[in-house]
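The values are calculated or read from the model by the stated rules, or taken from the named source; none is laboratory data. Not measured: the values here are computed from a predicted model. Here the Cβ is made from the backbone with ideal geometry for all residues, glycine too, and neighbour counts use every protein chain on show.
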Number of protein chains: 2
Amino acid sequence: MNQQNILFTNNTAQAIDTAINNIRPNGIFVLTDKNTAVDVWPQVKAESTMMSEATLITINPGDTNKDLKSATLIWENLINGGATRHSAMICLGGGMITDIGGFTASTFKRGIKFINMPTTLLSAVDAAVGGKTGINFNGLKNEIGVFSPASHVIISTRFFNTLQKRELLSGYAEMLKHGLIDSAATFHKLIDSDPLEIDAGHMLELLKASVEIKRRIVNDDPYEQGIRRALNLGHTAGHALESLAMKKGKPVPHGYAVAWGCIIELILSHTHCGFPTNTLRNAAQYIFSHYGTPDINCSDYQDLLEFMHHDKKNISSECINFTMLSNVGRINIDRTATESEIKTALDIFRDLAGA
Amino acid sequence: MNQQNILFTNNTAQAIDTAINNIRPNGIFVLTDKNTAVDVWPQVKAESTMMSEATLITINPGDTNKDLKSATLIWENLINGGATRHSAMICLGGGMITDIGGFTASTFKRGIKFINMPTTLLSAVDAAVGGKTGINFNGLKNEIGVFSPASHVIISTRFFNTLQKRELLSGYAEMLKHGLIDSAATFHKLIDSDPLEIDAGHMLELLKASVEIKRRIVNDDPYEQGIRRALNLGHTAGHALESLAMKKGKPVPHGYAVAWGCIIELILSHTHCGFPTNTLRNAAQYIFSHYGTPDINCSDYQDLLEFMHHDKKNISSECINFTMLSNVGRINIDRTATESEIKTALDIFRDLAGA
């Protein structure tokens, strides 16, 4: 997989011009959602001649629209706009946009180049970097997709001031996850801060450190054959919580689900790999106090297990695959837990949440 | 792009077992169309224990079904059959099956491995080899797809005895194209034979030589940045003829369209690069006598030009891109022709056809 050029800057207009001069496409298409088209696009467009001449494609916002219907709309817009194999797409938005944008670009005429310009903390730290693209299908998250890196990722904090608190928190959850798999120093730096109180300059610095953790791991293992699975910490349980919430008609932000998923998987890490109790309690306390608690009870367990079984990371139907930690920064990929062990972990999770 | 293992053999059961032992998937799905499910699948299934335990997915046959609807059906069947990221798909059929099978496999959970087992001459010599996958979209051929090589391609002539004459001729057209871009010796060996009279042993030998020409070019340039475009000879005009025929409700076999497309592009090669007249006449004579002539007149020119403009290979809207030859084996990629030059070539083509 080609390496991505990641540009950390708040001068996004200059970064876009650099990226486009690098690619030299014969047509530029900007993909965004209907909210970002109002909140962010006008300023991006006004700042760059190249952007002002681009063709805009907008889709409905939200993860429920990250589907084949929106993908079809994007492909149709590319065709109607005269896109060729040498056109490029700029994905301007959150993870929903960079996921579906990367997927539709990578499959249009067998692949056109794309640039990710995340507008949320979550997409900056997670979806926009590392080459995973995809759409939801049949109620399963990211079930259809490809590994395909953006040619450039432009990361800034300048758009974050329009974010809601829960969007900032959602992104911060992935940074916590990076901290957990990296080192005690990184992790403590994160839980000693309140994501809602960090100024923009300090956030760009924390963000850069966090993205570098991800980049390092992805470069070592782009197609997730091994160590990249470390990045799945919190995601097997997290995706299940997210799917359950969607099924109940009460969707929760991805990052909240991942934060809770981290606790569930740290509980499994404790029982399977000896992850230390006090660190587990610290993490749980921080997460519950910032993210609240999910709405689950024992009658949801079977649904949660079903969702975990459908997870892409699973290779057999008997056990469920998890990334576990024997301590902060000590990664154990490809560990498994039985349904009964997971149910016990969910019991402990609910106890901790209620405590 | 990973190189493909290409196995030339009529002992297909042993080849399948070898390929599967190499991949070691945790589940095997066989994709085929409803005709091949009756004509070929029973014998393949009977000969191999691994095949007899595989899950069969069948879709409606024909290029008109190489669409998002069939892709959706395949993805749903993979999910319902419990496919994981470590499952594998065997694409058993013609180019329609290897194209849509390769695409759906490469996008399912961001990619599972697949094995191509072409059952037609056309797919053996063309679609099954080289990593191009895709589906038609909005009336445009292969508009959505990815570059993704099959891990193994099992090439045999054993299924060809159930092929209709026009299917054999269709495949032979791609072999003629390979001859034209390779050498006078290869090309003459082909036009000195009648595809309908060749015995199975000799056909496997010709086929192997032809696939090796394609493999060599694809290995040099997997993503079609340069010399791989040589393989597009005949395809810009050919795809347009194919799309036109489909629009008129009288579809023609892909290979027929490519054979006719080769003549049109050799005419352009003559006017633009000095391709010799006598070789052009020989090729035209062979092709018209074996493939007949397409049903086009001047009122179709505008439609044909429109289809050519939408071709993936085009990068600008003024000229149309072609691979041309200055002689057999002398390749000139990225040549362009204007609409007026193409119309003249179509006039000459119709003259030659009527002669």
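If we keep just the residues of the stretch B:268-292 that are aliphatic (A, V, I, L, M) and touching a Leu at 6+ places or on another chain (Cβ under 7 Å), which is nearest to residue B:179 (Cα to Cα)? My answer is B:283.
Among the residues of the stretch A:184-201, which ones are under 17 Å from residue A:285 (Cα atoms) and hydroxyl-bearing (Ser, Thr, Tyr)? Result: A:193, single match. Taken over the stretch A:170-203, the criterion of being more than 24 Å from residue A:101 (Cα to Cα) and of a type in the set (A, V, I, L, M) is satisfied by A:176, A:180, A:181, A:184, A:185, A:190, A:191, A:196, A:198, A:200, A:203. Among the residues making up the stretch A:79-99, those that are closer than 23 Å to residue B:139 by Cβ and either more than 11 Å from chain B (Cβ to nearest Cβ) or assigned to a helix (DSSP H, G or I) (or both) are A:79, A:80, A:81, A:89. Residues in the stretch A:200-219 that are under 15 Å from residue A:9 (Cα atoms) and either in contact with a strand residue (DSSP E or B) (Cβ under 9 Å, 6 or more places away or on another chain) or exposed (fewer than 15 other Cβ atoms within 10 Å of the Cβ) (or both): 9 in all. Considering only residues in the stretch A:229-266 that are among the aliphatic types (A, V, I, L, M) and farther than 16 Å from residue A:181 by Cα, the one that is surrounded by the most Cβ atoms within 10 Å (Cβ to Cβ) turns out to be A:237.
Whether any residue in the stretch A:148-156 is surrounded by 19 or more Cβ atoms within 10 Å (Cβ to Cβ), under 30 Å from residue B:76 (Cβ atoms), in contact with a strand residue (DSSP E or B) (Cβ under 6 Å, 6 or more places away or on another chain) and more than 14 Å from chain B (Cβ to nearest Cβ) is what I want to check. The answer is yes; a qualifying residue exists. Considering (1) in contact (Cβ under 8 Å) with a residue 12 or more places away in the chain; (2) of a type outside the set (A, V, I, L, M); (3) under 21 Å from residue B:145 (Cα atoms), the lone condition that residue B:248 does not fulfil carries the number (3).
Does the stretch A:50-65 contain any residue that is touching a residue at least 40 places away in the same chain (Cβ under 8 Å), among the charged types (D, E, K, R) and not in a helix (DSSP H, G or I)? Checked the stretch A:50-65: no residue is touching a residue at least 40 places away in the same chain (Cβ under 8 Å), among the charged types (D, E, K, R) and not in a helix (DSSP H, G or I).
In this entry, residue A:76 passes the filter for residues that are in a helix (DSSP H, G or I) and within 14 Å of chain B (Cβ to nearest Cβ). Evaluation of residue B:221 against the conditions (1) farther than 29 Å from residue B:343 by Cβ; (2) at pLDDT 95 or above shows that the sole unmet condition is (2).
Restricting attention to the stretch B:315-336, the residues that are more than 24 Å from the chain's Cα centre (by Cα) and not polar (S, T, N, Q) add up to 2.
Candidates B:181, B:144: the one that is more than 20 Å from residue B:13 (Cβ to Cβ), buried (at least 19 other Cβ atoms within 10 Å of the Cβ) and within 14 Å of chain A (Cβ to nearest Cβ) is B:144. Among the residues of the stretch A:239-266, those identified as in a helix (DSSP H, G or I) and of a type in the set (Val, Ile, Thr) are A:258, A:263, A:264. Restricting A:122, A:92 to those that are assigned by TED's automatic domain parsing to the domain that holds residue A:70, crowded, with 24+ Cβ neighbours inside 10 Å and touching a strand residue (DSSP E or B) at 6+ places or on another chain (Cβ under 9 Å) reduces the list to A:92. Evaluate the following for residue B:103: is it within 14 Å of chain A (Cβ to nearest Cβ), over 16 Å from the mean Cα position of the chain (by Cα) and either surrounded by fewer than 23 Cβ atoms within 10 Å (Cβ to Cβ) or of a type outside the set (S, T, N, Q) (or both)? Here the answer is no, as residue B:103 does not meet what is asked. Kindly evaluate residue B:26 against the criterion of being assigned to a loop (DSSP other than H, G, I, E, B) and touching a Lys or Arg at 6+ places or on another chain (Cβ under 6 Å). No, not satisfied. Determine whether residue B:127 is within 14 Å of another protein chain (Cβ to nearest Cβ), within 21 Å of residue B:195 (Cβ to Cβ) and either crowded, with 22+ Cβ neighbours inside 10 Å or aromatic (Phe, Trp, Tyr) (or both). In short, yes.
Every residue, every condition in (1) outside the structural domain of residue B:349 (by TED's automatic domain parsing); (2) modelled with pLDDT of 95 or more, yes or no:
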residue	(1), (2)
B:205	yes, no
B:229	no, no
B:252	no, no
B:266	no, yes
B:271	no, yes
B:299	no, yes
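The single residue among B:236, B:186 that is over 18 Å from the mean Cα position of the chain (by Cα) and part of a helix (DSSP H, G or I) turns out to be B:186.
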